[in-house]
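Inspection log for the structure reproduced underneath, given as structure tokens.
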Amino acid sequence: MIALVDVHAHLARQEVFSKASELIKDALENNVKVIVVSIQNDIELRNGLELRKIYSTITYLSIGQELSDFTIHTYNMFSKIIPRLVEERHVIAIGEVGLDYSKIRDNILRDIARAIFEKWVELSKKLDIPIIVHSHRAYNDVLTILEKYDVKKVVLHAYSGGTETAKRAVDRGYYFSIPPSIMHSKQKQKLVSVVPLENMLLESDTPELGPVFGQESKPSHVKIVAEKIAEIKKKSLEEVAYVTTRNFERLFNMKILD
Ligand SMILES: [Zn+2]
């Protein structure tokens with residue numbers, strides 16, 4: 001079996017962190033070789049760096065902030081230390097960051113959220129590392145901002161938009177990370193049918209977006225994501241594993257496959 005990558009998991013979140021070792025062991029048994037752990041606050045960063053100490057060749061970090069956090073405080077705190085963390089290879093991406101208009105209806109809050117998102121986009125550009133974007137009902141603004149800063153290394157995580165916008169993102173060479181909810185989500189199944197495999201990555205979004213509604217996800221679930229993509233694309237599991245892992249290697253400048 002070819003090595004798999006989980007590009008987005010919240011293993012450093014307090015309620016998940018206590019069982020992170022168990023989840024990583026289970027991931028390795030299912031041939032998941034790399035897990036990108038999403039960090040959204042200082043407690044998670046401490047937990048994430050703890051994981052880096054023990055699993056330095058398996059877990060890597062991406063740093064962003066909660067989408068419900070409308071302060072520049074988190075950005076100011078993290079942006080000072082991220083360059084060093086990138087240099088030391090602890091942090092390999094910005095994220096998750098983005099805009100969720102389903103949760104914010106107020107225009108002033110949307111302005112603030114956009115300004116914060118722009119700061120993160122600018123930082124990813126400056127450091128030349130990928131940015132992992134979470135977005136809901138805001139894809140037009142998200143794509144406009146990404147274009148404004150001319151960022152090329154983009155992962156749209158748990159994409160919830162339509163197929164026309166998805167095609168726009170594919171044209172720009174962005175990647176879509178596909179979560180375990182593809183098992184029941186018609187929208188995700190449709191997405192996979194229109195996006196080329198060359199633009200796809202696998203994610204678990206642990207503990208969110210599980211394969212069964214209401215069930216927690218875990219990093220080893222990227223294997224069933226790959227199986228489902230293979231079924232939809234009428235390709236072999238090996239090909240899906242190979243291409244998505246190659247995509248990850250190219251985007252994150254990391255060697256995994258022999
Ligand atoms: Zn997430």
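Would you please name the residue that is nearest to residue 98 (Cα to Cα), looking only at residues in the stretch 7-41 that are assigned to a helix (DSSP H, G or I) and among the aliphatic types (A, V, I, L, M)?
16
Need the failing condition index for residue 135 against (1) crowded, with 23+ Cβ neighbours inside 10 Å; (2) in contact with an Asp or Glu (Cβ under 9 Å, 6 or more places away or on another chain); (3) within 15 Å of residue 99 (Cβ to Cβ); (4) modelled with pLDDT of 95 or more, just the number.
Residue 135 satisfies every listed condition except (4).
Just checking, which of 55, 60 is buried (at least 21 other Cβ atoms within 10 Å of the Cβ) and either among the basic types (Lys, Arg) or modelled with pLDDT of 95 or more (or both)?
60
Could you say which residue among 171, 100, 106 is modelled with pLDDT of 95 or more and among the acidic types (Asp, Glu)?
171
Taking only the stretch 157-174 into account, find how many residues are buried (at least 19 other Cβ atoms within 10 Å of the Cβ), away from the ligand (no atom under 15 Å from the Cβ) and not aliphatic (A, V, I, L, M).
So the answer is 2.
Pairs please, first residue from the stretch 8-28 and farther than 15 Å from residue 50 by Cα, second anywhere and assigned to a loop (DSSP other than H, G, I, E, B) and within 11 Å of the ligand (Cβ to nearest atom), Cβ atoms under 6 Å, 6+ apart in sequence or on different chains.
From the stretch 8-28, the pairs are 8/203; 8/205; 9/204; 9/206.
Would you confirm whether or not the stretch 108-123 contains a residue that is over 17 Å from residue 161 (Cβ atoms) and outside any helix (DSSP H, G or I)?
No; the residues of the stretch 108-123 include none that is over 17 Å from residue 161 (Cβ atoms) and outside any helix (DSSP H, G or I).
Out of curiosity, is residue 204 more than 26 Å from residue 167 (Cβ to Cβ), at pLDDT 95 or above and not charged (D, E, K, R)?
The answer is no for residue 204.
Out of curiosity, is residue 44 at negative phi, under 18 Å from the mean Cα position of the chain (by Cα), acidic (Asp, Glu) and assigned to a loop (DSSP other than H, G, I, E, B)?
Answer is no for this residue.
Evaluate the following for residue 148: is it away from the ligand (no atom under 16 Å from the Cβ), free of Cβ contacts under 8 Å to residues at least 60 places away in the same chain and out of contact with any Lys or Arg (no Cβ under 7 Å at 6 or more places or on another chain)?
Yes: the conditions hold for residue 148.
Among 89, 84, which is the only one that is away from the ligand (no atom under 16 Å from the Cβ), more than 22 Å from residue 166 (Cα to Cα) and part of a loop (DSSP other than H, G, I, E, B)?
Being away from the ligand (no atom under 16 Å from the Cβ), more than 22 Å from residue 166 (Cα to Cα) and part of a loop (DSSP other than H, G, I, E, B) holds for just one of 89, 84, which is 89.
Hey, can you tell me all the residues within the stretch 224-251 that are in a helix (DSSP H, G or I) and among the hydroxyl-bearing types (Ser, Thr, Tyr)?
242, 244, 245, listed by residue number.
Condition first: touching a Pro at 6+ places or on another chain (Cβ under 6 Å) and surrounded by 12 or more Cβ atoms within 10 Å (Cβ to Cβ). Can you find one or more residues in the stretch 100-122 that meet it?
no
Going through 104, 81, 92 one at a time, which residue ends up being within 24 Å of residue 245 (Cα to Cα) and of a type in the set (A, V, I, L, M, F, W, C)?
Exactly one of 104, 81, 92 is within 24 Å of residue 245 (Cα to Cα) and of a type in the set (A, V, I, L, M, F, W, C), namely 92.
Restricting attention to the stretch 178-217, which residues are assigned to a loop (DSSP other than H, G, I, E, B) and crowded, with 21+ Cβ neighbours inside 10 Å?
Across the stretch 178-217, the qualifying residues are 179, 195, 203, 204, 205, 206, 209, 217.
Within the stretch 120-135, which residues are touching a residue at least 12 places away in the same chain (Cβ under 8 Å) and out of contact with any strand residue (DSSP E or B) (no Cβ under 9 Å at 6 or more places or on another chain)?
122, 128
The values are calculated or read from the model by the stated rules, or taken from the named source; none is laboratory data. Just so we're clear, the structure is a prediction, and the values are computed from it rather than from any experiment. Heads up, the Cβs are rebuilt from the backbone with ideal geometry, glycines too, and the neighbour counts pull from every protein chain shown.
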